[in-house]
Amino acid sequence: MTFAERMLKIDRRIIFLVIGLCTLLPLLYPVGLPIKISPEVRGVYDYIESLPEDSVFLLSLDFDPASKPELQPQSIALLRHAFRKNLRVIGMTLWVSGTGLADQIITQVAKEMGKENGKDYVFLGWSPGGTAVIINMGQDLYGAFPADYNGRATKGLPVLQGITNLRDVNYVISLGAGVPGVEAWYVFGKDKYKFELGGGCTGVMAPGLYPLLRSGQINGLIGGLRGAAEYEGLIGQKGKAVAGMDAQSATHLAIIVLVIICNVFYLSLRKTARQQGQSRT
Amino acid sequence: MPIETIIGAWVATGLTLFIFSFLYKDNPLFKVAENLYVGVSVGYTIVKTYDTVIVNLIWKPMVDNKEWSLLIPVAIGLLMLTRYVPKAAWLSRYAFAFIVGVGSGLAIPRTISSFILKQVEDTVRPLIMLVPGEGVSFTWNLLNPASSVNTIIILVGVSSVLFYFFFSVEHTGPGKAVARTGILFLMIAFGAAFGYTVMARMSLLIGRLTDLIEFSDASYGRPTLWLLILTIGALVVMSLRSGSNPREEK
Amino acid sequence: MIFLRRQMPLLITLITGLVFAAQYYVPHPASEQLLTSVTKWLQIIGGFALILGVSSLFHVHAVKIRRKEAGWGYSFVLYAGMLSTIVIGLWANGKEAVDGTMTAFGWIYNYMMVPLQGTMFAILAFFIASAAYRSFRARSREAAVLLVAAIIVMMGRVPLGEYVLPLSGDVSQWILNVLNASVRRAILIGVSLGTVALSFKIIFGVERSYLGGGKE
Amino acid sequence: MQSLLRSILARSFAPLFFLAACVIGSSPSAVLAQTPLSPPHDVQVVDTPSDGGGSLTVIWPPAPYDSKEVRYQVLLSDGKDISDPSTFTVIAEFPANTRYISESKWPWWTRPAAREQHQFTLKNGKGVELKAGTAYHVALAVVSGDQRIFTSVVQAIPEPNWMNWNQINNLFLALLFGGIVFYAINVAKKREIFLRRIPGLDAVDEAIGRSTELGKPILYLTGAHDMSDPSTIAAAVILGRVAKRAAGYETDLLVPHRDPITMAVCQEITKQAYLEAGKPDLFKEDSNFFITTDQFSYTAAVDGIMLRKKPAANFFMGAYFAESLLLTETGASTGAIQIAGTDSDHQLPFFVTTCDYTLIGEELYAASAYLSREPIQVGTLRGQDIGKALILGVLAVGTLLATAGAILDTQWPQVFLDIFKDVK
């Protein structure tokens, strides 16, 4: 077996080790490279920036703990921005296993910004049915969520004053890790109830949402940890996402180098194979 | 620091390391953690469903607002559960028929308007722009997705990929060229998705490692360190044992 | 009897399907009221469907334990995890936190469910790297195209990549915004046609596999 | 008829107004400060068509003074004094050169007046509450500097409607496409329909052949979903083909399942395949087996099978999620030939990179229809093809017309383009 062959069949656990180290070292010794802002993320930021005080902002945290590292920083940055702009914030989730996480995120940011539950914001919790929940909220918000996460009746809450359904909501952002997520909020929500919609999602989902972004069905897209880092940069409050970007840089470069090495070996092998083939005939 | 936080840190660290041990190979530690995961998440779903559906959506509206019509969905839901009674299992079909019927009905017009009309509408654009006062012009700016050159590229991409998934004609002659263009576009999109996904997966790892770093702190009693040693020790012992086991398959 | 078992469900699908497809085009308050009620029902039925989904798991593992099949001990772990979560959860009224203080249910969620689920998916980070190393080879023209697109997007998405190769940011933006968007759009249109076709087939009883078991 | 006449009149007079404005001076507002304004004389207030009631639409002709310095106000009576517009509440105020019908989304078939006319829709919310069946009084005011003049008061009643005519194109396309699909299924029942051969199927045969040469088993997965998902059905159909070949070559087949019902169905299919291959004695009941419904337990178990039994060919058909890479990466490490087929587009990149051949998206259905020749499957595929052909046609014709419209600066191409727009 030649050196190239041996390198191509390397035990994958060695690669696992390289990746582990490339993630760990920058986390322990951060560098802090600058991050450029993309127009997709700016779309969301600018729209929230343009909303007048007391506008209604609905954030649907449609993810579970598996996507926490990507979508928690996004939700924190968005909530900080919305609270800073004194918007009325409605939080909810369509993913049952994300309920506890969503509650934690909202409570934590609200506390940090000195906001009061019921007056400045409300967390509606989770309800089953996925897309049916969106339609029902579009028809009658109080039918879909008769009580909030804490069991208080939603009717009569000061933060929900003047809101009967999704038509009265100014801006909805769905932070989606899969189905139901951003697409469902368009098809079963915005299509009929005509609120403005923005999207945030994991890196896996992001490429699939570009057609909706192009056609204006969503007015901005925050994609993965990079998107979260950009948003943290925009609101000038750096958090977990910016901190993680160095590790991202290291692992990405490591993978790129691995791919290039692999191809060099592969092409050199193919070349020798071809030469041998020629000499034999 | 409260005692439950410290215990929590130890439990979380232990479970995290057990699952990571799968990277070495499938082993009992991983299996315990994994089955616990399934059990806990199923339990969590059941509790949340009870709290939301039975308490908030059924009981309270019926008792407080006398919404007796809610008994209809309850009946449909119960019909669904007849699946477990072999003799009455056919009754569950009524429930599925209802859900699937409503779901299909809701889907047809919404899919057409959101994903067919909207997408076609945005693809059909004039290839040249009419700038007021300057007349028609062809814009070359690649970075502006709405520029003329990008409009053409999008049109070519959409058409060729649609054609690639066309099964009624053989891909020969000019069709072959179009289908090949389609496959090249597809490969670029897959490559881009792969590249983007790398970041998604790495983020997950970063998230877990951040927790492990936090839990290596002395205030928690350094669970990361001790449990790491323990996990590796257990793996070594287990591999030694199975190594001496003659029944091991080749 | 056969009518009740076979035709009746198909009739229900036909009627509900047609009514709710038509509802979209009818703005009258009566039709809106119908939609409001039925979506509320669907939420409740969705809860029962969840129970149905998890209970099959319940059953499978119960059988494993009873028959003492290989690895039944793990099923036991699963059961213990599930039952204790349910008991503690009901005791805490299904709340992870009350006024910002964590309940026992919240503890299980934060220190067991979150790390377990998070780590399960974090394993993928290692696998994607090894897949990139071992499978990303320029075997053909198509594979080469895929490889180059992936590398550019990887470069363009991280700050270090943009620092080393400043053009990569803009190029990856263009790939995502134009090339990727056009492909995804075509796929979306194709999939939507498929969805509409399937919905029509379901409504008119041509496709009935959802009723469970093709045979009676 | 009347509205048609009015629209023709408005269309022919609009340029005149424009000319007049130009003649008066380059900056109309400078002149307007001195000349008294005349209010729009032909204000119409109608029930907004195609809605659920609770909305009125105000339409009025453009005026020569339309510019951003002059403003229109929409006034609604609170019911006390319906004759004096100055007591009415101001609902909206906007520059006089905005709110033209041409800016609104109405398609040509529901447009209430000519494109040059102004329009404003009074809706519920923000201090307005319109009830269906009640009469309301609406007026307009023109404001320029400190001048404020009123139009006459118009009465209108909002009514709920039974049809949203703006969406009639959606209904038309739904019926058209539904009709095409059923027509194609009917044709397929009567005669053979041509389907092109999917190249991936050759790869399937090749992989089975190689397994036989090496004397190793074949591993076949049917995906994460149950039998109600089209991708699982397709996976089961292709399993029939693979099982038949495997029976012919007397190669072992392993089919681990995630869904008990799918397992039962696949067992039948496998049995049938062995029967057709003339080797019913070789069929093993336990070649199809159930593991667990959980994503990662299943994945870990299948990975274990791959590492222990080292199958020479792995097939991944059906729907997959994050587990795809864990499966194919392990499969690749054992050196198996891997063939995938899935419609889960988010996982396709991983299958494409790690497998030797991948049936992409609808190719999976096509492969299954090609193999089964079942009229419903073949007909649906043909129906979808016709749908795609129609869309390709619309893209081509639409782009040509839109470009022509841009070059000639005309509106008539909209007659076609509006049909393929989502206008609500």
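Any residue at all in the stretch B:71-89 that is more than 30 Å from C:Ile86 (Cα to Cα), open to solvent by 40 Å² or more (accessible area, probe 1.4 Å) and at the interface with another protein chain (Cβ under 7 Å from one of its Cβ atoms)?
No.
Within the stretch A:236-268, restricting attention to residues that are of a type in the set (Val, Ile, Thr) and over 16 Å from the mean Cα position of the chain (by Cα), which residue is nearest to A:Pro30 (Cα to Cα)?
Filtering the stretch A:236-268 for residues of a type in the set (Val, Ile, Thr) gives A:242, A:251, A:255-257, A:259-261, A:264.
Narrowing further to those that are over 16 Å from the mean Cα position of the chain (by Cα): A:251, A:255-257, A:259-261, A:264.
Values: A:Thr251: 14, A:Ile255: 19, A:Ile256: 21, A:Val257: 21, A:Val259: 25, A:Ile260: 26, A:Ile261: 27, A:Val264: 31 Å.
Going through the qualifying residues, I end up with A:Thr251.
Can you pull out the residues in the stretch D:50-71 that are open to solvent by 50 Å² or more (accessible area, probe 1.4 Å) and either in contact (Cβ under 8 Å) with a residue 60 or more places away in the chain or under 24 Å from D:Ile157 (Cα atoms) (or both)?
From the stretch D:50-71, those open to solvent by 50 Å² or more (accessible area, probe 1.4 Å) are D:64, D:68-69, D:71; that's our starting set.
Residues satisfying the conditions are D:Glu69, D:Arg71.
Considering each residue of the stretch C:82-99, count those that are open to solvent by 60 Å² or more (accessible area, probe 1.4 Å), farther than 21 Å from B:Val32 by Cβ and not β-branched (Val, Ile, Thr), and give that number.
Looking only at the stretch C:82-99, we keep the residues that are open to solvent by 60 Å² or more (accessible area, probe 1.4 Å), and these are C:83, C:87, C:90-91, C:93, C:98-99.
Checking the rest, the ones that are also farther than 21 Å from B:Val32 by Cβ come to C:90-91, C:93, C:98-99.
Retained after the next criterion (residues that are not β-branched (Val, Ile, Thr)): C:90-91, C:93, C:99.
Adding up the residues that qualify gives 4.
In the stretch C:148-177, how many residues are at the interface with chain B (Cβ under 7 Å from one of its Cβ atoms) and either among the hydroxyl-bearing types (Ser, Thr, Tyr) or open to solvent by less than 20 Å² (accessible area, probe 1.4 Å) (or both)?
Residues in the stretch C:148-177 being at the interface with chain B (Cβ under 7 Å from one of its Cβ atoms) and either among the hydroxyl-bearing types (Ser, Thr, Tyr) or open to solvent by less than 20 Å² (accessible area, probe 1.4 Å) (or both): 8 in total.
For the stretch B:140-250, give me every one of the helices (runs of 4 or more DSSP H) that falls completely inside it and has 2 or more residues that are closer than 30 Å to A:Ile222 by Cβ and within 12 Å of chain A (Cβ to nearest Cβ). It would help to see each step written out before you state the result.
On the way: elements: B:148-164, B:174-214, B:223-244.
So the answer is B:148-164, B:174-214.
Could you say whether any residue in the stretch B:91-98 is among the basic types (Lys, Arg) and farther than 25 Å from D:Gly178 by Cβ?
Taking the stretch B:91-98 as the starting set, the residues that turn out to be among the basic types (Lys, Arg) are B:93.
Retained after the next criterion (residues that are farther than 25 Å from D:Gly178 by Cβ): none.
There is no residue in the stretch B:91-98 that is among the basic types (Lys, Arg) and farther than 25 Å from D:Gly178 by Cβ.
Could you say which residue among D:Gln167, D:Gln147, D:Gln155 is in contact with a His (Cβ under 9 Å, 6 or more places away or on another chain) and farther than 30 Å from D:Pro375 by Cα?
Details: D:Gln167 fails: in contact with a His (Cβ under 9 Å, 6 or more places away or on another chain); D:Gln147 fails: in contact with a His (Cβ under 9 Å, 6 or more places away or on another chain).
On inspection, the qualifying residue turns out to be D:Gln155.
Out of (1) closer than 30 Å to A:Ile255 by Cβ; (2) in contact (Cβ under 8 Å) with a residue 40 or more places away in the chain; (3) not in a helix (DSSP H, G or I), the odd one out for A:Val89 is which?
The failed condition is (1).
Report the residue count in the stretch D:196-223 for those that are part of a loop (DSSP other than H, G, I, E, B) and either at pLDDT below 90 or open to solvent by 50 Å² or more (accessible area, probe 1.4 Å) (or both). Steps first, please.
The initial filter retains those residues of the stretch D:196-223 that are part of a loop (DSSP other than H, G, I, E, B), namely D:196-199, D:215-217, D:222-223.
Going one step further and asking which of them are either at pLDDT below 90 or open to solvent by 50 Å² or more (accessible area, probe 1.4 Å) (or both), we end up with D:196-199, D:215-216.
Selection size over the stretch D:196-223: 6.
Starting from residues that are of a type in the set (D, E, K, R) and under 26 Å from D:Ser67 (Cβ atoms), keep the ones in the stretch D:138-159 and report whichever is surrounded by the most Cβ atoms within 10 Å (Cβ to Cβ).
So in the stretch D:138-159, the residues of a type in the set (D, E, K, R) come out as D:146, D:148, D:159.
Okay, now just the ones that are also under 26 Å from D:Ser67 (Cβ atoms), so D:146, D:148.
Working: D:Asp146: 6, D:Arg148: 14.
Filtering first and then ranking leaves D:Arg148.
Any idea which residue in the stretch A:101-122 is nearest to A:Val182 (Cα to Cα), counting only those that are part of a helix (DSSP H, G or I) and in contact with a strand residue (DSSP E or B) (Cβ under 8 Å, 6 or more places away or on another chain)?
We begin by selecting, within the stretch A:101-122, every residue part of a helix (DSSP H, G or I); these are A:101-112.
With in contact with a strand residue (DSSP E or B) (Cβ under 8 Å, 6 or more places away or on another chain) added as a condition, the list becomes A:101-107, A:110.
Working: A:Leu101: 19, A:Ala102: 17, A:Asp103: 20, A:Gln104: 22, A:Ile105: 20, A:Ile106: 20, A:Thr107: 23, A:Ala110: 24 Å.
Looking at residues that are part of a helix (DSSP H, G or I) and in contact with a strand residue (DSSP E or B) (Cβ under 8 Å, 6 or more places away or on another chain), I get A:Ala102.
Of everything in the stretch C:79-108, what is more than 23 Å from B:Leu81 (Cα to Cα) and aliphatic (A, V, I, L, M)? Give them in sequence order.
Within the stretch C:79-108, C:Ala80, C:Ile88, C:Ala92, C:Ala97, C:Val98, C:Met102, C:Ala104, C:Ile108 qualify.
Looking only at residues in the stretch D:297-321 that are open to solvent by 10 Å² or more (accessible area, probe 1.4 Å) and hydrophobic (A, V, I, L, M, F, W, C), which one is farthest from the chain's Cα centre (by Cα)?
Among those residues, the one meeting the criterion is D:Leu307.
Would you list the helices (runs of 4 or more DSSP H) that sit entirely within the stretch C:16-113 and hold 1 or more residues that are touching a Phe, Trp or Tyr at 6+ places or on another chain (Cβ under 9 Å), more than 7 Å from every other protein chain (Cβ to nearest Cβ) and among the basic types (Lys, Arg)?
Fully inside the stretch C:16-113 and qualifying: C:29-66.
Of the conditions (1) facing chain C (nearest Cβ under 7 Å); (2) farther than 30 Å from C:Val206 by Cβ; (3) surrounded by fewer than 24 Cβ atoms within 10 Å (Cβ to Cβ); (4) in contact (Cβ under 8 Å) with a residue 12 or more places away in the chain, B:Leu23 fails just one. Which one is it?
Going through the list (1) facing chain C (nearest Cβ under 7 Å); (2) farther than 30 Å from C:Val206 by Cβ; (3) surrounded by fewer than 24 Cβ atoms within 10 Å (Cβ to Cβ); (4) in contact (Cβ under 8 Å) with a residue 12 or more places away in the chain, B:Leu23 breaks only (4).
Considering each of C:Ala49, C:Ala80 in turn, give the residue that is of a type outside the set (Ser, Thr, Tyr) and farther than 27 Å from A:Met137 by Cα. Don't jump to the end; show me each part of the working.
Details: C:Ala49 fails: farther than 27 Å from A:Met137 by Cα.
Among C:Ala49, C:Ala80, only C:Ala80 is of a type outside the set (Ser, Thr, Tyr) and farther than 27 Å from A:Met137 by Cα.
May I ask you to list pairs of residues, at least six apart or on different chains, whose Cβ atoms are under 7 Å apart, with the first in the stretch B:139-160 being among the hydroxyl-bearing types (Ser, Thr, Tyr) and the second being in a helix (DSSP H, G or I) and open to solvent by 30 Å² or more (accessible area, probe 1.4 Å)?
Hits for this filter: B:Ser159/D:Leu392; B:Ser160/B:Val178; B:Ser160/B:Thr181.
Counting residues that are over 30 Å from A:Thr272 (Cβ atoms) and charged (D, E, K, R), which helices (runs of 4 or more DSSP H) fully inside the stretch A:1-86 reach at least 2?
Numbers: elements: A:3-8, A:12-28, A:39-50, A:68-84.
Helices (runs of 4 or more DSSP H) meeting the threshold: A:39-50, A:68-84.
The values are calculated or read from the model by the stated rules, or taken from the named source; none is laboratory data. The structure presented is a predicted model; accordingly, all values stated were derived computationally and were not measured. Cβ: placed from backbone, ideal geometry, glycine included. Neighbour counts: every protein chain shown. All accessible areas refer to the heavy atoms of the entire protein, side chains included, with ligands and DNA or RNA removed. Shrake-Rupley method; radii C 1.70, N 1.55, O 1.52, S 1.80 Å.
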